[in-house]
Each structure stands twice: as C-alpha cells, then as structure tokens.
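Worksheet: one structure, shown below.
The values are calculated or read from the model by the stated rules, or taken from the named source; none is laboratory data. Model, not experiment: these values are computed from the prediction. For neighbour counting, all protein chains shown are included, and Cβ atoms are generated from backbone atoms with ideal geometry for every residue, glycine included. With ligands, DNA and RNA removed, areas are computed over all heavy atoms of the protein, side chains included. Shrake-Rupley method; radii C 1.70, N 1.55, O 1.52, S 1.80 Å.
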Amino acid sequence: YIDKDDSLLFSLESFDMNVDAVMEWRLISGPKNMLLNSDGLLHWYSEELNYHDYTIQLSDGIDSVQWSGEIYVNAAPQFDSKPITFISENVAYKYPIQVTDENLLSSKDRNKENEIELILAQGPEGMVINNNNLLWENKKKLPGVYPVVVIASDGIIDTPQRFELLVNSSPIIISSDS
C-alpha cells in the first residue's frame with residue numbers, strides 16, 4: 001500500500017539465462033501517470049484512493065512475460081467529533097465518536113467495504129466503546145483528571161485521539177446552620 005498523495009518508487013528485478021540478452025521493460029496497463037523506465041523502475045504518484053491494477057511486460061527480444069499487480073492507496077481515518085472533556089462526578093459519560101475515512105474499499109479485500117475499528121487504548125477503569133460511543137457509566141467516579149486515548153484504525157493506519165477527561169467534584173456547603 002501507499003498513502004494518498006505519496007509516491008511509489010519500486011525497482012523491478014529480472015533474470016535471464018542468456019548472458020547477452022537485452023531486457024526491455026514495458027508498462028502494458030496501469031493507473032494514470034504511472035511510468036516504467038528502461039531500467040525497470042516503476043514510478044507513480046498516488047492521487048486516487050483504493051485499488052489500482054497494473055500490468056508490466058519484460059522481454060529479452062525473443063520471449064516475453066507479463067506480470068500483474070495491484071496497489072492500494074490509503075487515506076488515514078480522521079476524527080470528526082470533539083470529545084467531551086469534563087463531567088460531574090455523579091454523571092454518566094457519553095461521547096458519540098464520529099470518524100470518516102475517504103477509502104470506500106477494505107485494504108484487506110477489494111470486494112468488501114472499508115470498516116473503521118474504534119479501540120480504547122487508554123482510559124479509566126470501566127470506560128468502554130459501544131456502538132461508536134465512548135461510555136463510562138460508573139456512578140461513583142473519583143474527581144480528578146483521566147487521560148483517554150481512542151484509536152480509529154482502518155487496518156493500515158491507526159489514528160489516535162488523545163484528551164484528558166476532568167471529573168469535577170460537586171461543591172459542598174460546610175457552614176453550620178446559623
């Protein structure tokens with residue numbers, strides 16, 4: 001795979017038993033702007049996402065062989081939502097996570113839609129992700145600051161969202177009755 005707006009630079013290798021053979025590389029088909037030079041250097045700048053097929057040919061002047069391959073162009077998942085960063089100590093926490101990924105197809109199987117997995121990498125005990133919601137339903141949260149890391153993964157790139165959750169203590173009146 002390569003990242004969107006990145007370049008592929010791949011040196012193809014060959015072998016021929018004929019010592020005097022002059023090898024000729026040729027790009028039979030491929031995405032727009034893909035180039036293959038006479039030394040077997042394949043170059044392409046990735047502007048479009050998902051799968052791109054290509055076929056190359058190698059000839060020694062007498063015989064030729066073809067080889068087909070594919071390149072997956074990936075865009076990293078992006079968080080569209082901003083986390084809630086403070087709550088009161090006796091309130092349940094719910095953060096609806098919204099993530100987008102420009103890729104339509106799975107990096108593992110071109111016949112499947114792309115799916116983003118949400119992973120809770122760090123958070124207080126009892127915090128979970130359920131149906132794209134970050135939840136913490138513990139009613140007796142201790143006041144303080146809790147580091148939280150949620151990861152959106154497309155199977156290739158893990159995009160973290162890091163934040164601190166402040167659990168605020170409720171004020172208490174400590175004056176005696178007058």
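Reducing the stretch 101-168 and the stretch 1-62 to their Cα centroids gives an inter-centroid distance of 39 Å.
Measuring against 20 Å, Cα to Cα, the residue pairs 82/139; 32/112; 94/139 contain 82/139; 32/112 as the ones spanning a longer distance.
Expressed as a rounded percentage, what relative contact order does the chain have, with Cα pairs under 8 Å and six or more residues apart? Computed over the chain, the figure is 18 percent. What the phi angles of the stretch 8-15 give under the Karplus curve with 6.51, -1.76 and 1.60, with θ = phi - 60°, is a coupling list of 9, 9, 10, 8, 7, 10, 9, 8 Hz, glycine and proline written as x. Relative contact order, whole percent, for the stretch 114-178 stands at 32, derived from Cα pairs under 8 Å and 6 or more residues apart.
Considering only the other residues whose Cβ falls under 9 Å of the Cβ of residue 93, what net charge follows from Lys and Arg at +1 and Asp and Glu at -1?
Within the 9 Å Cβ shell, the charges total +1.
Using θ = phi - 60° in the Karplus curve 6.51 cos²θ - 1.76 cosθ + 1.60, the 3J(HN,Hα) couplings for the stretch 147-162 round to x, 10, 10, 10, 10, 9, 10, 9, x, 10, 10, 9, 9, x, 10, 10 Hz; x is entered for Gly and Pro. Given a 1.4 Å probe and the protein chains as shown, residue 101 ends up with an accessible area of around 30 Å². Enter the accessible area of residue 156 (Å², nearest 10), with the probe set to 1.4 Å and all protein chains included. Number for this one is 50 Å².
Accessible surface of residue 67, taken over heavy atoms with a 1.4 Å probe and every protein chain present, rounds to 130 Å².
Once you've got the GNM for the chain with C-alpha springs shorter than 10 Å, pick whichever of 31, 124, 83 has the biggest mean-square fluctuation. Judging by the Gaussian network model, the answer is 124. Using equal-weight Cα scatterers in the Debye expression, the normalised intensity of the chain in log10 at q = 0.08, 0.13, 0.16 Å⁻¹ is -0.47, -0.78, -0.96.
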